[in-house]
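What follows is a set of notes on a single structure, which appears directly below.
The values are calculated or read from the model by the stated rules, or taken from the named source; none is laboratory data. Note that the structure is a prediction, hence the values are computed from the model and not measured. Here the Cβ positions follow ideal geometry from the backbone for every residue, glycine too, while neighbour counts run over all protein chains shown. SASA here: full protein model, heavy atoms, side chains in, ligands and nucleic acids out. Shrake-Rupley method; radii C 1.70, N 1.55, O 1.52, S 1.80 Å.
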Amino acid sequence: MHEATAEQDLDLPYNVFAKACPSRGTLEHVTGRWGALTLGALYEGSLRFNQLRRRIDGVSEKMLSQTLHALERDGLVLRDAQPTNPPRVDYELTPLGRQVAERLLGLIRLLEGRMDDVLAARARYDETRGGL
C-alpha cells in the first residue's frame, strides 16, 4: 500500500513535501494555530471581525487580520465589506474553505476526545524524562 501511495504522489501536479511547492504555504496557513481556529470558527457561519476575535480566545487583532488576509488570498475565506457607516465587514468560508474546515474540525474533535490519553502520555513522558 505504501508503494501505491508513492506512485500516486508522482501523478499529482503539487507535492507539499517539495520545498518550492506553493501548496506548502497554504498548508501552513490552514494548520497554523490561528488559521485552524479561524476556519473552525467560521464553519459555524458568517462572523464580523470582532465576533471572530471574541470567538478565538487569545488571538490579537493584528494576528487575526493577517490570518484572514492569508486565508482570503488562498480562496478559503470571503470578505464582504458593506459600504455603511461605520463600515460592516463579514467573513465567511468559501466552498473550498468549508471542505478544509470540515477536515480540521474532524481532527479537532478527535484531539478533544482523546485529551485524557494525551495528558496521560505527557505525564509518563515527563516522569521518565524529567519534564520540560
Let me check against my output: what whole-number percent is the relative contact order of the chain, with C-alpha pairs under 8 Å and at least 6 apart? 20 percent
Over the range 1-124, with every protein chain in place, what whole percent of the accessible area is carbon and sulfur at 1.4 Å, could you tell me? 54 percent
Taking a ≥ b ≥ c as the square roots of the Cα gyration tensor eigenvalues, with a/c under 1.5 meaning rounded and otherwise prolate when a/b beats b/c, else oblate, which class fits the chain? oblate
Send over a whole-number figure in Å² for the accessible area per residue of the chain, probe 1.4 Å. 75 Å²
Lys, Arg +1 and Asp, Glu -1 on Cβ, resulting dipole of the chain about Cα centre, debye, nearest 20: 560 debye
